[in-house]
Amino acid sequence: METVTVSRTVDVDADRVRAAMTDVGPFMRAAEFSEVTVDGDVVHIANRVGLATIELTLEVVDEPDTVLTYEQRDGIFEEMVTRYTLEETPDGVEVEATTEFAVQARLVGPLLDATVVSRQRRRELDAQFDYLASLAD
């Protein structure tokens, strides 16, 4: 399994950050995916990564000690889960996101590998954290 972790401290009230993260549609759109569709706890996303388009069906799941957790139900990964946590600090709210994934062996090659996926995932998480930071305005 590969792991991508991104964290940032934002100067926004923790309740406001939590509410923005659990409003899954806008929060997922903030990652700048090409397509986001939400139907209850099921989220469909599509995004262009290099020469490939990745489409995933995700399910939001309850997990202790996280604000938001979703797992891949259908898509290109053998496994994929993302967990978001919050911690109040003297400087604001530290938001952390960790994505664990395993790329299917048949997809590893010149178009898609763990390095490309990790780089893209960092960009997506940074965009979501930019969105959370903008809540201070």
remark   = The local net charge around residue 101, scoring Lys/Arg +1 and Asp/Glu -1 for residues other than residue 101 whose Cβ lies under 9 Å from its Cβ, equals -3
inquiry  = Bin width 5 Å, origin at 0, all Cα-Cα pairs of the range 1-80: what percent of pairs per bin?
reply    = 3, 12, 20, 27, 20, 12, 5, 1
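Please compute the net charge surrounding residue 15, taking Lys and Arg as +1 and Asp and Glu as -1 over other residues with Cβ under 13 Å from its Cβ.
So the environment of residue 15 carries a net charge of -1.
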ask   = Against the longest alpha carbon principal axis of the chain, how many degrees, from 0 to 90 and to the nearest 10, is the axis of helix 114-134 turned?
value = 20 degrees
query = Where the centroid of each part is defined by its Cα atoms, how far is the range 6-20 from the range 27-46 in Å?
reply = 20 Å
message = Ratio of alpha-carbon Rg to the 2.2 N^0.38 Å globular estimate for the range 2-134, to two decimals, please.
response = 1.03
message = If you take every residue apart from residue 58 with its C-beta less than 10 Å away from the C-beta of residue 58, what net charge results, scoring Lys and Arg +1 and Asp and Glu -1?
response = -3
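The numbers here are math on the coordinates, done by the rules we state, and not lab data. Please read these numbers as outputs of a predicted model, since none were measured by experiment. Note: ideal-geometry Cβ built from the backbone for every residue, glycine included; neighbour counts use all protein chains shown.
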